[in-house]
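Asks: Mind having a look at this structure? Questions to follow.
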Amino acid sequence: MELKVYQNKNKVAEEFSKYLIEKSGTQKAFHIALSGGSTPKIVFDVLAEQFSKDIDWNSIHLYWGDERCVAPTDAESNYKMTVEHLISKVDIPEGNIHRIKGEEDPKEEAKRYGALLEEELPKALGLPQFDLVILGMGDDGHTASIFPHEINLWVSPDNCEVAIHPESGQRRVSLTGRIINNAKTVAFLVTGESKAEKVKVIVDREEGYLEYPASHVAPKTKDLVWFLDAAAAKLLTSYRS
Ligand SMILES: O=C(O)[C@H](O)[C@@H](O)[C@H](O)[C@H](O)COP(=O)(O)O
């Protein structure tokens, strides 16, 4: 695991953009699973406004790690957020965008999206493989839409599952552990003081860390990077010393 800590959110967004440019490099097709949340939103803005010309958008294929079960026009939709902050501002072919349809029946959609991944992505060890999975982490230690109260979904035998938000009861379609951990690279984007406590428990592997879905993120390739701002990293032993 690699930790990259920057002064603030904007610096995280800038450095992550450079990292993405380097990773996607000259690859003919680069498959990315995107995340919802507040940090990716800033990353998308920075990527579109400062680095768009450094990326060959024809080679980038966008997917989602999770989606809320709402219409694509709903303020809660991760797809809508991505359209507003990234897709509408860059020259990416329509055919490279593979959204989770939050407006469909969740169970059917989880099945459809799982099958789409089998079709569209290259395989590694018999499973679809993303080049890069971008993840956020909630204050409660959830990641994608695998929440602590449904941590069993992480080890699902399927590529996607229907999850339920613990407070709102909102349904979501989420990638499961077998797909996330089969990615070539997984990058967490986590910022803000409200994340500091869980970041410490998970990264420093303190007692009880396995209760949090984010602690189960461990790509088989071992290529896991946490992009943090100073506020989210402030309790980490390695950061303080
Ligand atoms: O759609 C979602 O809700 C997410 O994909 C989710 O996993 C998110 O990344 C975290 O909740 C962090 O969100 P913040 O960055 O807003 O704290």
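Where a number appears in this text, it was derived from the coordinates with a stated rule and is not lab data. Since the structure is predicted, the reported quantities are computational estimates derived from the model, not experimental observations. Neighbour counts are summed over all protein chains in view; Cβ atoms, including those assigned to glycine, are modelled from backbone coordinates with ideal geometry.
Asks: Please compute the contact order of region 133-224 in relative form: average sequence separation of alpha-carbon pairs under 8 Å and at least six residues apart, divided by the residue count, as a percent. Before the final figure, lay out the partial values.
Replies: Values: 161 pairs, mean separation 31.7, N = 92.
Once divided by the residue count of region 133-224, the mean separation gives 34 percent.
Asks: Output ³J(HN,Hα) for region 137-145: one whole-Hz value per residue in order, computed from phi by the Karplus curve 6.51 cos²θ - 1.76 cosθ + 1.60 with θ = phi - 60°, and x for Gly and Pro.
Replies: 9, x, 4, 8, x, 6, 9, 6, 10
Asks: Here's another thing I want to ask about it. DSSP beta bridges in region 40-177, what fraction antiparallel, as a percent rounded to 5?
Replies: That works out to approximately 90 percent antiparallel.
Asks: What is the extension gain from GLU120 to GLN50, computed as 0.36 nm multiplied by their sequence separation minus the C-alpha to C-alpha distance, in nm to one decimal? The partial results should precede the final answer.
Replies: On the way: separation 70, 0.36 × 70 = 25.20 nm, distance 2.93 nm.
My answer for the length gained is 22.3 nm.
Asks: Let me ask something else. Find how much the distance from THR26 to LEU210 grows on full extension, using 0.36 nm per residue of separation minus their present alpha carbon separation; answer in nm with one decimal.
Replies: That pair, THR26 and LEU210, stretches by 62.5 nm at full extension.
Asks: Mark the label point 7 Å from the Cα of VAL155 along Cα→Cβ and return the residues of region 183-203 whose backbone N is within less than 13 Å of it.
Replies: none
Asks: May I pose another question? For the chain, what proportion of DSSP beta bridges, expressed in % and rounded to the nearest 5, is antiparallel?
Replies: Within the chain, antiparallel bridges account for around 35 percent of the total.
Asks: Short version: ³J(HN,Hα) in whole Hz for each residue of region 12-21, in order, from phi by Karplus 6.51 cos²θ - 1.76 cosθ + 1.60 (θ = phi - 60°), x for Gly and Pro, what are they?
Replies: Coupling constants for region 12-21: 4, 4, 5, 5, 5, 4, 5, 4, 5, 4 Hz.
Asks: Sort the chain into rounded, prolate or oblate with this rule: let a ≥ b ≥ c be the square roots of the eigenvalues of the Cα gyration tensor; rounded if a/c is under 1.5, and if a/c is not under 1.5, prolate when a/b is larger than b/c, oblate otherwise.
Replies: It comes out rounded by the Cα gyration axes.
Asks: Something else: Tell me what the chain gives for mean residue ellipticity at 222 nm when only DSSP H runs of n ≥ 4 count, each as -39,500 (n - 2.57), the sum divided by the residue total, rounded to 500 deg cm²/dmol.
Replies: -8500 deg cm²/dmol
Asks: Further question: Would you work out the charge dipole size for region 2-240 about its Cα centre, treating the Cβ of every Lys and Arg as +1 and the Cβ of every Asp and Glu as -1, and quote it to the nearest 20 debye?
Replies: That gives a dipole near 560 debye.
Asks: Can you list the residues of region 1-44 with backbone N under 18 Å from a point 7 Å past the Cα of SER238, pointing along Cα to Cβ?
Replies: 1-7, 12, 16
Asks: What list of ³J(HN,Hα) couplings, whole Hz, do you get for region 149-166 from phi and the Karplus terms 6.51, -1.76, 1.60, once you set θ to phi - 60° and write x for glycine and proline?
Replies: With the stated coefficients, region 149-166 comes to 6, 10, 4, 4, 5, 4, 9, 4, x, 9, 6, 9, 9, 9, 10, 10, 5, x Hz.
Asks: Once amide H atoms are placed 1.01 Å from N in the peptide plane, what residues at a sequence separation of 5 or more from ALA163, or on another chain, have their amide H within under 5 Å of its amide H?
Replies: Distant-sequence amide H within range of ALA163: ARG172, VAL173, SER174.
Asks: Now for a separate question. Give me the extension gain from LYS220 to LYS111: residue separation times 0.36 nm, minus the current Cα-Cα distance, reported in nm with one decimal.
Replies: 36.8 nm
Asks: Now, a different point. Can you give me the distance in nm between label points at GLU193 and ALA71, each placed 7 Å from the Cα along the Cα-to-Cβ direction?
Replies: 4.0 nm
Asks: Relative contact order (percent) for the chain, with alpha-carbon contacts under 8 angstrom and 6 or more residues of separation?
Replies: With pairs under 8 Å counted, the relative contact order is 23 percent.
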